[in-house]
Structures are given as structure tokens and as C-alpha cells.
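Novice: The structure that follows is given in the form of C-alpha cells.
The values are calculated or read from the model by the stated rules, or taken from the named source; none is laboratory data. Just so we're clear, the structure is a prediction, and the values are computed from it rather than from any experiment. Positions of Cβ are generated from backbone atoms using ideal geometry, with glycine treated the same way; all protein chains shown enter the neighbour counts. Side chains included, ligands, DNA and RNA excluded: accessible areas come from the protein's heavy atoms. Shrake-Rupley method; radii C 1.70, N 1.55, O 1.52, S 1.80 Å.
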Amino acid sequence: MRLALFDLDNTLLAGDSDHAWGEFLCQRGLVDVDTYRARNDAFYQDYLDGKLDVHAYQNFCQEILGRTDMPQLAQWHADFMREHIEPIVLAKGEALVRQHLEAGDRVAIITATNRFITGPIAARLGVQTLLATECEMQDGRYTGRLIDIPCFQEGKVERIERWLDESGQSLEGSYFYSDSRNDLPLLERVSHPVAVDPDPTLRSIAEQRGWQIISLR
């Protein structure tokens, strides 16, 4: 079975769900707005620049998960989906996912954003397999700490290789769709790398290497 991998943020979504979650928290007054927004924006710029300290970022963004009970988090996330995610779901992205599913391909989303944020988004997009940065849980609630290898840059390669071993899948004939320079390690591993509305660095590399470039906007 052929594998079709999708990045999530700025690929299937017209925006970044990780950054948007921070904005949601600020808009609701659930954090110290000025301090949190400044740090959230700075981390996002580091991500765009390809120099994010992923461990520091996860410690920052998961902290609220560790001090909030699960029913409250579920309610917040439902509001977040309605207010921030539905408006940025790309119809052409949904169509491309369906195209691969209808072709009999195994579709997976692989994202640096954590599973708390992305699990419901993947379900909304009809994708059952999600590889994401993981949030530690103990006694049925989040601890606020990162667990496992962050699903970011080379970490995406490590995570997908482990999943391939566990699932019996292969990258032979595989596709990976992404917008980001941060995904170059995995784009270089698949059979069909596709740059989706790429950032300037990825666009330049895709053009040099003859990779397909598409827009889902």
C-alpha cells in the first residue's frame, strides 16, 4: 500500500494550529496575554527561520495542559476548533486527502504540533493515522511535559521510520506534502516530495531539485 504523508500547518490548513492555539488562549484571557503572546510569536518566528528550540517550545506550550483538568481542556478545544480551525481548513487540501484515500493509499498526517492540538484536527480531516509531538500523561491527565522524540525536523524521520517498522509500511512510492524548510529531512526520504505553498527556502530547493510545487490555497 502506497503511503501519502501530509504536514498539517500551512499545508492542509491556511495557518498554523500551534500558534493559533496560543492566540486562542490569549483571546480568552487564559494566560498572561502580553507575556504569552510575545513568547508565542517569538517561538513561531524561530520556527519559520528554521531554528526553533523544540524542547523549550513544548515546555512553554504544554504547561497549561498540566494545570488544567481534562473536561475544561476538551471544552476549550471544541471552541478552538470552531473559532480558529474551521475557518482555515483548505478545501483543496481536503480534496487531495480524499483523492489519496480513494486511490487506496495509506494517508497519515505527520506534524510537529502536539497531539492534544492536532488529534481532533486529523479526525476532522478524515485521517486516522497521526504522528505528532507527544504530551506526557499520568493518571488520566496531562503532566505538561513532552514525551518521546519531538516530531520535528530530523525527529520526523526518526518517528516515521519507527512507525514504518511497527506498521509494516514502506516509503517505496511514497508522497510527502509540506510547506516548510523544517521538513527537508523527510522530504528527502520519500519517493515523491511535494512542496505545498512553500516558504522561500523550500521553494528555492524544490525548484533546484525539480520537486513538484503545488498550491492548495
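Novice: Would you check if there is a residue in the range 181-192 being open to solvent by 50 Å² or more (accessible area, probe 1.4 Å) and touching a Gly at 6+ places or on another chain (Cβ under 7 Å)?
Specialist: Yes, that holds for at least one residue.
Novice: Let me ask you something else. Kindly establish whether Val107 is over 20 Å from Cys135 (Cβ atoms), modelled with pLDDT of 95 or more and either open to solvent by less than 10 Å² (accessible area, probe 1.4 Å) or not hydroxyl-bearing (Ser, Thr, Tyr) (or both). Give the derivation first.
Specialist: Working: over 20 Å from Cys135 (Cβ atoms): yes; modelled with pLDDT of 95 or more: yes; either open to solvent by less than 10 Å² (accessible area, probe 1.4 Å) or not hydroxyl-bearing (Ser, Thr, Tyr) (or both): yes.
Yes.
Novice: Which members of the range 1-16 meet the condition of being open to solvent by 60 Å² or more (accessible area, probe 1.4 Å) and touching a helix residue (DSSP H, G or I) at 6+ places or on another chain (Cβ under 9 Å)?
Specialist: Of everything in the range 1-16, just one residue is open to solvent by 60 Å² or more (accessible area, probe 1.4 Å) and touching a helix residue (DSSP H, G or I) at 6+ places or on another chain (Cβ under 9 Å), namely Arg2.
Novice: Kindly list the number of the only condition in (1) touching a strand residue (DSSP E or B) at 6+ places or on another chain (Cβ under 9 Å); (2) modelled with pLDDT under 95; (3) not acidic (Asp, Glu) that fails for Lys51.
Specialist: (1)
Novice: Residues to consider are Val89, Val97, Val33, Val107; find the one that is free of Cβ contacts under 8 Å to residues at least 12 places away in the same chain and β-branched (Val, Ile, Thr).
Specialist: Val33
Novice: Which condition number does Leu52 fail, the rest of (1) open to solvent by 20 Å² or more (accessible area, probe 1.4 Å); (2) assigned to a helix (DSSP H, G or I) being met?
Specialist: (2)
Novice: Something else about it: Please verify whether Thr118 is in contact with a Ser or Thr (Cβ under 7 Å, 6 or more places away or on another chain), polar (S, T, N, Q), within 22 Å of Ala20 (Cα to Cα) and part of a helix (DSSP H, G or I), treating the condition exactly as stated. Talk me through it step by step, then tell me what you get.
Specialist: On the way: in contact with a Ser or Thr (Cβ under 7 Å, 6 or more places away or on another chain): yes; polar (S, T, N, Q): yes; within 22 Å of Ala20 (Cα to Cα): yes; part of a helix (DSSP H, G or I): yes.
For Thr118, the condition - in contact with a Ser or Thr (Cβ under 7 Å, 6 or more places away or on another chain), polar (S, T, N, Q), within 22 Å of Ala20 (Cα to Cα) and part of a helix (DSSP H, G or I) - is met.
Novice: Still on this model: Which condition breaks for Met1 when tested against (1) more than 19 Å from Gln153 (Cβ to Cβ); (2) modelled with pLDDT of 95 or more?
Specialist: (2)
Novice: Next question. Would you mind telling me which numbered condition in (1) open to solvent by less than 30 Å² (accessible area, probe 1.4 Å); (2) on the phi > 0 side of the Ramachandran plot Asp139 fails?
Specialist: Exception for Asp139: condition (1).
Novice: Against the definition (touching a Ser or Thr at 6+ places or on another chain (Cβ under 7 Å), in contact (Cβ under 8 Å) with a residue 40 or more places away in the chain and surrounded by fewer than 18 Cβ atoms within 10 Å (Cβ to Cβ)), how does Gly173 come out, yes or no? It would help to see each step written out before you state the result.
Specialist: Details: touching a Ser or Thr at 6+ places or on another chain (Cβ under 7 Å): yes; in contact (Cβ under 8 Å) with a residue 40 or more places away in the chain: yes; surrounded by fewer than 18 Cβ atoms within 10 Å (Cβ to Cβ): yes.
Yes: the conditions hold for Gly173.
Novice: Can you name the condition, by its number, that Gln58 falls short on among (1) more than 24 Å from Ile160 (Cβ to Cβ); (2) in contact (Cβ under 8 Å) with a residue 40 or more places away in the chain; (3) open to solvent by less than 20 Å² (accessible area, probe 1.4 Å); (4) not aliphatic (A, V, I, L, M)?
Specialist: (1)
Novice: Name every residue in the range 67-88 that is surrounded by fewer than 15 Cβ atoms within 10 Å (Cβ to Cβ) and closer than 24 Å to Asp148 by Cβ, in order of residue number.
Specialist: First, the residues of the range 67-88 that are surrounded by fewer than 15 Cβ atoms within 10 Å (Cβ to Cβ): 67, 69-72, 74-75, 78-79, 82-83, 86-87.
Of everything in the range 67-88, those that are surrounded by fewer than 15 Cβ atoms within 10 Å (Cβ to Cβ) and closer than 24 Å to Asp148 by Cβ turn out to be Arg67, Asp69, Met70, Ala74.
Novice: Output the number of residues of the range 17-41 satisfying the condition of being among the polar types (S, T, N, Q) and either part of a loop (DSSP other than H, G, I, E, B) or crowded, with 18+ Cβ neighbours inside 10 Å (or both).
Specialist: So the count comes out to 2.
Novice: Show me the strands (runs of 3 or more DSSP E) found entirely inside the range 121-217 where at least 3 residues are at pLDDT 95 or above, β-branched (Val, Ile, Thr) and within 14 Å of the chain's Cα centre (by Cα).
Specialist: Numbers: elements: 129-138, 141-147, 175-178, 192-196, 212-214.
Fully inside the range 121-217 and qualifying: nothing.
Novice: Ok, one more. Can you tell me which residue within the range 54-79, out of those that are of a type in the set (S, T, N, Q) and at pLDDT 95 or above, is nearest to the chain's Cα centre (by Cα)?
Specialist: Gln62
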